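Working notes, structure below.
The values are calculated or read from the model by the stated rules, or taken from the named source; none is laboratory data. Only a predicted model underlies this, so the values are computations on that prediction, with no experimental measurement involved. Here Cβ is always computed from backbone atoms with ideal geometry, including for glycine, and neighbour counts include all displayed protein chains. These area figures cover heavy atoms from the full protein model, side chains too; ligands, DNA and RNA do not enter into them. Shrake-Rupley method; radii C 1.70, N 1.55, O 1.52, S 1.80 Å.
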Amino acid sequence: MEMEIKLKQGLGDLRFGMPVEEIVSLLGNADEVEDIENAVDETTTVLRYNELGITLFCEGDNPILSCIDVADEDCTLLGEHPFDLDERAIVSLMVKNNYTEQDADEEDWGERRISFPEGNVDFYFDEGDLVSIILGA
């Protein structure tokens, strides 16, 4: 599968709003499936595709894709390979592409998060290295 991150749309052929059945038809069965109950009695179905380096989060009574966690170093974003870039270069790439609003924070578990709300994307760094990109619809 092509691993191009399309902000607010999805990843490659995966599109936000896609039902679980369509995801499985596209990617095959997930390596791991987990159902998590959240605070408002809704279930989030988590699909882990280890070889692809992605984790998919599907929400609702008829679960649809709402969030993608990308750890695949071969992915692309705005024409670049983000896992080859440092924090400063990622910020520059996002700003150059008109995603100027940003927020940064140190997470309790030790990773640094930089968020770009306009693109519904969070970048997570561990000791300066990009380890994960979280995409939302």
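Listed values, structure above:
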| item | result |
| --- | --- |
| Candidate set: the range 54-72, residues that are assigned to a loop (DSSP other than H, G, I, E, B) and touching a residue at least 40 places away in the same chain (Cβ under 8 Å); chosen: the one nearest to F123 (Cα to Cα) | A71 |
| Residues (surrounded by fewer than 17 Cβ atoms within 10 Å (Cβ to Cβ) and closer than 11 Å to M94 by Cα) located in the range 118-137 | E118 |
| Subset of the range 66-92 [of a type in the set (S, T, N, Q) and closer than 17 Å to I114 by Cβ] | S92 |
| Search result, residues across the range 99-137 that are touching a helix residue (DSSP H, G or I) at 6+ places or on another chain (Cβ under 8 Å) and more than 21 Å from E73 (Cα to Cα) | Y99, T100, E101, Q102, D103 |
| Residues that are open to solvent by 40 Å² or more (accessible area, probe 1.4 Å) and outside any loop (DSSP other than H, G, I, E, B), drawn from the range 11-21 | R15, P19, E21 |
| Flag if F83 is crowded, with 17+ Cβ neighbours inside 10 Å and in a strand (DSSP E or B) | no |
| Unique residue being among the acidic types (D, E) and either farther than 15 Å from K6 by Cα or modelled with pLDDT under 95 (or both) when the list is E80, E118, E51 | E51 |
| First in the range 85-107 and free of Cβ contacts under 8 Å to residues at least 12 places away in the same chain, second anywhere and surrounded by 11 or more Cβ atoms within 10 Å (Cβ to Cβ) and among the basic types (K, R), Cβ under 6 Å, 6 or more apart | D105/R113; E106/R112 |
| Filter result for the condition that a residue is touching a residue at least 12 places away in the same chain (Cβ under 8 Å), under 25 Å from L130 (Cβ atoms) and open to solvent by 90 Å² or more (accessible area, probe 1.4 Å), over E51, E32 | E51 |
| Test: residue in the range 91-107 that is basic (K, R) and part of a strand (DSSP E or B) | no |
| Conditions (1) farther than 22 Å from Q9 by Cβ; (2) at pLDDT below 95; (3) in contact with a strand residue (DSSP E or B) (Cβ under 9 Å, 6 or more places away or on another chain); number of the one not met by P63 | (1) |
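Condition check ((1) open to solvent by 70 Å² or more (accessible area, probe 1.4 Å); (2) of a type in the set (F, W, Y); (3) within 14 Å of I134 (Cα to Cα)) across all residues:
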| position | (1), (2), (3) |
| --- | --- |
| Q9 | yes, no, yes |
| I23 | no, no, no |
| L56 | no, no, yes |
| C67 | no, no, yes |
| T76 | no, no, yes |
| L93 | no, no, no |
| D108 | yes, no, no |
